[in-house]
Amino acid sequence: MSKPETPILVTDMLKKSFGGIQATNGLSLKLYKGKVIGLIGPNGAGKTTAFNLTTGFLKPDEGKITYKGNDITGFSPHKISNLGIVRTWQNLRLFMDMTVLDHVLLARQNQPGESLLLAIIKPSKVRKVQKSDLERSLQILQLLGLQDKRHVYAEDLSYAEQKLLSLARIIAMEADVLLLDEPMSGLDGNSLEMAKRLVHDLAVKEGKAICLIEHNVDFVADACDRILFLDQGQVIAEGTPQEIMANEHLTKIYFGE
């Protein structure tokens with residue numbers, strides 16, 4: 001008998017309120033390496049709040065977050081990111097006066113060149129890592145079709161290209177858990193297909209645990225292994241994309257009567 005799969009990230013009964021509004025009310029989810037989980041639900045269901053809690057930008061009123069079996073509840077965003085949990089943002093948060101390549105290079109973790117001492121006593125090691133970071137950054141840009149834009153400033157990109165750059169930046173961090181907040185909004189058909197393949201390869205080929213919030217129902221159905229349906233800060237249904245999409249009660253909540 002095979003051993004049950006162990007989740008890499010677990011949120012357990014998270015509660016968060018803002019004044020009298022309950023943003024999450026006992027929210028629990030599990031993320032697994034190699035799997036893509038989709039969060040869907042009407043506006044105000046608590047989806048983005050769930051990401052903010054998981055990545056330390058909000059602290060839960062109640063509940064617990066564990067990563068690789070360790071309690072990380074209340075950790076700072078910087079510490080959570082360094083552990084291997086990263087996210088994108090709806091508003092992108094790019095540096096508009098920085099080039100595409102510099103965005104990706106900056107996202108690389110644990111760069112020895114940041115240490116003046118290492119740069120002085122082990123310059124060859126620093127150069128080796130810098131070369132490796134450059135090669136990996138160019139590879140990521142190639143995957144996203146941005147290699148020809150590597151010297152272009154972010155402000156001169158189209159909105160779709162800026163969205164792809166935000167994806168490139170978190171991929172460059174080599175994290176185990178990727179939380180993608182509406183990554184497909186603003187993308188055209190070709191970019192959507194590229195992003196879909198990328199999400200699949202990150203999960204299946206690189207073993208990333210991916211959770212995404214997305215209003216593009218077709219993309220969610222194609223990209224996700226399972227879907228969690230949120231309403232009023234709770235998971236009210238979980239299943240395969242086919243099961244969730246076939247549920248008339250859920251579609252009425254999501255799309256209205």
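Quick note: the coordinates plus some simple rules give every number you see, no bench work behind them. It should be emphasised that the depicted structure is a prediction, and the values quoted were computed from it without experimental measurement. Glycine also receives a Cβ, built like all others from the backbone with ideal geometry; neighbour counts cover every protein chain displayed.
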Enumerate the helices in the chain for which the Kyte-Doolittle hydropathy averages -1.0 or more and the C-alpha atoms extend at least 27 Å along the helix's axis, using complete DSSP H runs.
123-143
Sticking with the crude label model, points 7 Å out along Cα→Cβ, report the distance from residue 159 to residue 10 in nm, one decimal please.
4.1
Based on the mean of other beta carbon atoms within 10 Å per residue, what is the order of 168-176, 93-101, most packed first?
168-176, 93-101
Label residue 28 and residue 148 with points 7 Å out from Cα along Cα→Cβ: what is the distance between them in nm?
5.1
From the Cα centre of segment 151-171 to that of segment 194-257, the distance in Å is 25
Please identify which residues in segment 65-99 have an amide N closer than 17 Å to a label point set 7 Å out from the Cα of residue 134, following the Cα→Cβ vector.
99
Subset of 47/68; 16/205; 59/208 violating a 28 Å alpha-carbon distance limit:
16/205
Approximate spin-label separation residue 242-residue 174, in nm, with each point projected 7 Å along Cα-to-Cβ
3.9
Mean projected area in nm² (Cα convex hull; one quarter of hull surface) for segment 118-257
11.4
So if I take the alpha carbon set of the chain, get Rg, then get Rh from the Kirkwood formula, what is the Rg over Rh ratio?
0.99
Please list, by residue number, everything in segment 145-184 whose backbone N is under 17 Å from a paramagnetic label point 7 Å out along Cα→Cβ of residue 218.
183-184
Reachable aspartates and glutamates, given that their alpha-carbon falls under 16 Å from the alpha-carbon of residue 30 and they are not under 8 places away in the same chain:
5, 12, 71, 176, 225, 238
